[in-house]
Amino acid sequence: MVLYFSATGNTEYVAGKIAKMTGDEALDLLKRIKEKDYSPIYSEKPFVICSPIYVCEMPRFFAAFLRKLVLKGNRKVYFITTSGGYAGVGGNVAKRIAKKKHMIFMGHKDIKMPPNYPVSKRYKLLSPKETLERLRAGAKEIPAVAAHIKRGEHIRDRYVLLLEKVIIRPFNPLWVRVKQPTKLFSATDDCIGCGKCVARCPLNRITMVDKRPKWEGNCAHCMSCIANCPVEAIEYAHVKKGVEKYRIGKYLKKK
Ligand SMILES: Cc1cc2nc3c(=O)[nH]c(=O)nc-3n(C[C@H](O)[C@H](O)[C@H](O)COP(=O)(O)O)c2cc1C
């Protein structure tokens with residue numbers, strides 16, 4: 001069983017391909033994450049857990065959810081992450097989750113996909129041409145990973161250095177607290193009150209007030225609300241209408 005969380009589609013794409021290539025099924029965990037539903041999921045085949053990378057590790061809310069989620073049946077688990085190129089301690093976090101769940105860690109592999117974080121001035125989006133190239137390159141990596149999983153072999157990513165663990169573990173929560181408030185999100189007059197942003201927010205930080213989304217507290221900055229708004233009515237500080245917001249669907253047809 002291939003389990004995944006995805007905000008802008010990269011991880012969903014990779015998870016779907018792996019499921020297809022290994023003859024397995026893919027399950028989107030969004031609804032379960034939102035509802036804190038940890039009830040058992042059964043799989044005869046090894047589990048494959050797919051996640052994006054946020055601030056050099058797996059999203060903390062997703063890692064916390066996975067620790068509590070009950071997985072029954074096969075005891076082997078693979079972890080696949082998608083990132084803009086640096087997965088940081090993602091592989092190490094994955095290994096620890098497997099250990100906590102008393103499962104057999106079959107390895108981690110990060111697949112470099114287009115970056116999706118327009119809000120960050122540091123990690124800029126790529127140009128449309130570069131995005132397509134990145135998508136094609138990422139897609140090329142999937143068959144080899146799927147083949148290893150199908151054959152039941154271990155997979156291996158690069159070694160996570162102790163220095164990375166020492167720096168990233170405390171840095172990540174600090175960054176999230178200081179740099180990821182929701183107060184800069186807003187909806188413009190184009191908003192049609194469809195509630196898609198509410199439905200897609202994994203942390204339930206958005207509510208509808210007078211048919212307009214209202215954000216509260218801190219979030220994971222996953223970009224699901226801003227990237228998937230059907231009328232591009234969501235803004236964040238400098239990311240106004242007309243500023244590119246990445247979601248894979250815009251590029252898949254061109255691929
Ligand atoms: C809040 C946030 C933080 C991110 N941090 C990193 C990072 O540390 N390293 C990296 O290579 N990519 C980073 N990215 C890029 C995503 O990991 C990458 O685009 C991923 O494929 C998105 O997956 P999705 O489309 O399934 O949501 C970040 C994206 C977001 C939204």
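The values are calculated or read from the model by the stated rules, or taken from the named source; none is laboratory data. Source: prediction; values computed, not measured. Note that we place each Cβ from the backbone using ideal geometry, even for glycine, and neighbour counts take in every protein chain shown. All accessible areas refer to the heavy atoms of the entire protein, side chains included, with ligands and DNA or RNA removed. Shrake-Rupley method; radii C 1.70, N 1.55, O 1.52, S 1.80 Å.
Laid out as a table, the results:
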quantity	calculated
Distribution of pairwise C-alpha distances over segment 52-149, 10 Å bins, in %	15, 41, 31, 12, 1
Charge sum, other residues only, whose C-beta stays under 15 Å from residue 73's C-beta, Lys/Arg counted +1 and Asp/Glu -1	+2
Residue 194 accessible area, 1.4 Å probe, all protein chains in place, Å² to nearest 10	80
Pairwise FRET efficiency - residue 210 versus residue 174, Cβ, R0 = 51 Å, nearest 0.05	0.90
Computed Rg/Rh of the chain, alpha carbon atoms with Kirkwood Rh	0.95
Computed [θ] at 222 nm, deg cm²/dmol, the chain (DSSP H ≥ 4; -39,500 (n - 2.57); rounded to nearest 500)	-11000 deg cm²/dmol
Rounded tilt (10° steps) of 10-22 against the dominant C-alpha axis of the chain	30
Cα-Cα separations in segment 180-241 greater than 18 Å, expressed as whole percent	20
Accessible area expressed per residue, the chain, with surrounding protein chains retained (probe 1.4 Å, Å²)	50
Between segment 88-165 and segment 25-58, the alpha-carbon center distance in angstrom	15
